[in-house]
Every structure is written in structure tokens, then in C-alpha cells.
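Chemist: Got a structure here, written out as C-alpha cells. Questions coming.
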Amino acid sequence: SNIIQDARLIKGSFPARYGGRLSSVLDIKTKDGNKNNIEGEFSISTIASKAHLEIPIIKGKSSFLISYRRTFADPWIKGISSYINQTSDTEGNTSYSFDDLNAKINFDIGKNHRLSLSYYKGNDGLNTSSIFNKTPDEISYIEESYLNQNWGNSIVALHFDSRVGGKSFSKITFYQSKWENENYRFKRFATDSASV
């Protein structure tokens, strides 16, 4: 929320610039950064922490903006899941975390042109492990389960905005986006032994 300048939800009759969208569109415009003064903000809570910084490069003409956020929920989730597992004679825990990074640099070229480069990267991680000792009918064995999954997306975009006339403007954007998902791994095995 620190880098959002404007947000619009469009539920129908999409403008042509959104192409052939069939569902709703959430149009989010990020800040350009303060071009005159250094601004920053830092906050921490039991759920997440975030930091935000805006720095002018050339006063009045260009600026740099960076924002980072990370959850602090994983220690709570890990502790609660360990307690729940212990009540059912199981060892192990579950951990979930996310973080995201936003950065933007922009330059005013004269009075009618502006060039900007923006970057976003978000990551999520889910890890689960459990070890269960069973002894039914004098046969003992250990059951172990592991789940590791990490996913996220990133985008880098170059924008060139020009004011053509009083009410006309052009906007050219080059971008590359990428979705990443680590190999979904699930291992489960058991060792058993019987006494004669």
C-alpha cells in the first residue's frame, strides 16, 4: 500500500487498452517517488514488516523508489503447528512465508516526456514436515512426510510517456513477466520391523 498512488476496479465495458478481458480488471498505478525530498517509512507488526524509501536523483527531474515487505507469521504458524502435532504424538511443523519487492526509477525528459523503469518480485513458500511413530499389533514403523513448495512472480517494465497535445498523450510500454514454481516435492516412506 505504500507505493500505490491510485487504484481502480473495472467490472465491465473495458477500455481498449486492456485488450479482450473477460473478467474484472484491477488497475493499480504506483507512485513516481518524491523528486525533491527524501522520504521513508518503516513499520513492524506481529504479522508483517515493511519498509519504504523515496530518494530524488536529480532534484525536480528524477527519483528512485523502493519498497519491501515480509511476513512475520511463519514463527507463529510453526509454533502452533508443532503444538498441534505433539498432541497427536507427531513430530514436525508447518511454515509459510511471503515477501515482495517493488522498485521504480523515473526521469522527466523536458516538459512533455517521461521515462520510467519499474520492477516487482513476489515470493511465497510453504514447508511441511511430519514424523509419526506407530506401533500397531507389536509392529513398529515410522512414517515421514515432507512437502516443500515455493512459488512467485516477477515483472520488469519500461515506460515512455509523451504529451502530444493539450488533451492527447501516448504511452509505450515494454515489459517481461515471469512465473516461477519450484518442483513440488512430496516424499513419504515407512520403515517397519516385527519382533519374533
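Chemist: Quick one: of 31/167; 50/167; 11/35; 31/78; 121/171; 50/171, which pairs are farther than 29 Å apart, Cα to Cα?
Modeler: 50/167; 11/35; 31/78; 50/171
Chemist: Round to the nearest 10 and give me the degree value, 0 to 90, for the angle of helix 74-87's Cα axis relative to the longest principal axis of the chain.
Modeler: Taking the Cα atoms of the chain, the angle to 74-87 is about 20 degrees.
Chemist: If each DSSP helix of 4+ residues adds -39,500 (n - 2.57) and the sum is divided by the residues in the chain, what number results at 222 nm, nearest 500 deg cm²/dmol?
Modeler: The helix-only estimate for the chain comes to -2500 deg cm²/dmol at 222 nm.
Chemist: Rounded if a/c is under 1.5, else prolate if a/b beats b/c, else oblate: with a ≥ b ≥ c from the C-alpha gyration tensor eigenvalues square-rooted, which is segment 9-125?
Modeler: Because a/c hits 1.5 or more and a/b fails to exceed b/c, segment 9-125 counts as oblate.
Chemist: Quick one: give the max-minus-min coordinate of the C-alpha atoms of the chain along each principal axis, largest first, in Å.
Modeler: Each principal axis gives a Cα extent; for the chain these are 92, 40, 25 Å.
Chemist: Taking only Cα atoms and a 10 Å spring cutoff, compute GNM fluctuations for the chain and point out the largest among 170, 67, 145.
Modeler: Sorting by GNM fluctuation, first place goes to 170.
Chemist: Specify the longest stretch of the chain that does not include any exposed loop site, a site being one of the chymotrypsin sites (Phe, Trp or Tyr not before Pro) with a non-H, G, I, E, B DSSP assignment and at most 16 other Cβ atoms within 10 Å.
Modeler: Result, exposed sites excluded: 73-183.
Chemist: Taking a probe of 1.4 Å, how large is the accessible area per residue of the chain, in Å²?
Modeler: Result: 70 Å² per residue.
Chemist: Straight distance only, please: which aspartates and glutamates reach the Cα of residue 59 with their own Cα at less than 14 Å, same-chain residues fewer than 8 apart left out?
Modeler: Correct list for residue 59: 32, 39, 108.
The values are calculated or read from the model by the stated rules, or taken from the named source; none is laboratory data. Everything quoted here is computed from the prediction, not taken from an experiment. In this analysis, Cβ positions are derived from the backbone assuming ideal geometry, glycine residues included, and neighbour counts consider all displayed protein chains. Side chains are part of the model used for accessible areas, which takes the heavy atoms of the whole protein and leaves out ligands, DNA and RNA. Shrake-Rupley method; radii C 1.70, N 1.55, O 1.52, S 1.80 Å.
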